[in-house]
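The values are calculated or read from the model by the stated rules, or taken from the named source; none is laboratory data. The shown structure was predicted, so the numbers you read here are calculated from the model rather than taken from an experiment. When we count neighbours, we look across all protein chains shown, and the Cβ atoms used for this are built from the backbone with ideal geometry, even at glycine. Heads up: the accessible areas ignore ligands, DNA and RNA and are worked out on the full protein's heavy atoms, side chains in. Shrake-Rupley method; radii C 1.70, N 1.55, O 1.52, S 1.80 Å.
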Amino acid sequence: MNNPHGNMVDLRDPAKPVLLVADRGHGRIVRYTLDDKPIDIVEGTRQPCHFNELKSFVVVPDLSGPVHILDKDNKIIVSMGQGPGNPPRTTDDRTKFIPGQFVAPHGAIFDHHGNIFVVEWVEIGRVTKLRKVA
């Protein structure tokens with residue numbers, strides 16, 4: 001591990017709980033049994049930070065820009081808000097943030113309606129609500 005940043009006991013399959021670890025420095029998510037045996041690596045992230053689960057989905061903020069959603073098989077089914085153009089995280093001018101794009105997603109959580117709140121690691125703070133539409 002290199003900068004293991006977030007972890008979660010994944011109970012989506014209650015018969016087989018799994019530990020998810022955001023290995024941010026290696027740009028991956030590593031899955032372990034609860035008795036510390038490696039299972040596999042979830043590919044497709046660059047700097048995963050955190051996890052939150054709702055039903056069969058897990059939201060993963062990625063410090064390098066996107067917010068990912070994993071399905072029940074731990075495949076990325078969508079990556080949202082990635083794109084060039086936002087100012088550095090040290091900006092002091094909120095008007096420079098580009099709507100719909102993230103700078104440095106650091107935490108994300110589902111609410112009970114399935115909306116996602118994303119908190120970013122920026123000097124002046126930024127919280128975005130992604131509304132569930134379907």
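In the chain, what percent of the accessible surface is made up of carbon and sulfur (1.4 Å probe, ligands and nucleic acids excluded)?
That fraction is 54 percent.
Along the charge dipole of the chain, Cβ charges K/R +1 and D/E -1, which of 27, 54, 42 sits furthest on the positive end?
54
Compute the signed sum of charges (Lys and Arg +1, Asp and Glu -1) over the other residues within less than 15 Å, Cβ to Cβ, of residue 29.
-1
Within region 5-84, which trypsin sites (Lys or Arg not before Pro) sit in a loop by DSSP and count at most 13 neighbouring Cβ atoms inside 10 Å? Write down the numbers at each step before the final one.
Values: sites: 12, 24, 28, 31, 46, 55, 72, 75; in loops: 12, 46, 55, 72, 75.
Here the sparse-neighbourhood loop sites are 55, 72, 75.
What does the charge count near residue 72 come to, summing +1 for each Lys or Arg and -1 for each Asp or Glu among other residues with Cβ under 14 Å from its Cβ?
Counting the neighbours of residue 72, the net charge comes to 0.
Out of residues 5 or more away from residue 10 or on other chains, whose amide H comes under 5 Å of its own, with H placed 1.01 Å from N in the peptide plane?
Residues meeting the criterion, in which the H sits 1.01 Å from N, are 18, 19, 20.
In whole percent, what relative contact order does the chain give with Cα contacts below 8 Å and a gap of six or more residues?
Here the relative contact order equals 15 percent.
Across region 13-111, how many lysine pairs separated by 8 or more positions, or lying on different chains, have Cα atoms within less than 18 Å?
Values: 16/37; 16/55; 16/72; 16/75; 55/72; 55/75.
Lysine pairs, 8 or more places apart or on different chains, close enough: 6.
Using amide H atoms built 1.01 Å from N in the peptide plane, name the residues 5+ places from residue 107, or on other chains, whose amide H lies under 5 Å from its own.
Under 5 Å from the amide H of residue 107: 119.
How much net charge surrounds residue 9 when only the other residues with a Cβ under 12 Å from the Cβ of residue 9 are counted, with Lys and Arg +1 and Asp and Glu -1?
Summing Lys/Arg as +1 and Asp/Glu as -1 gives 0.
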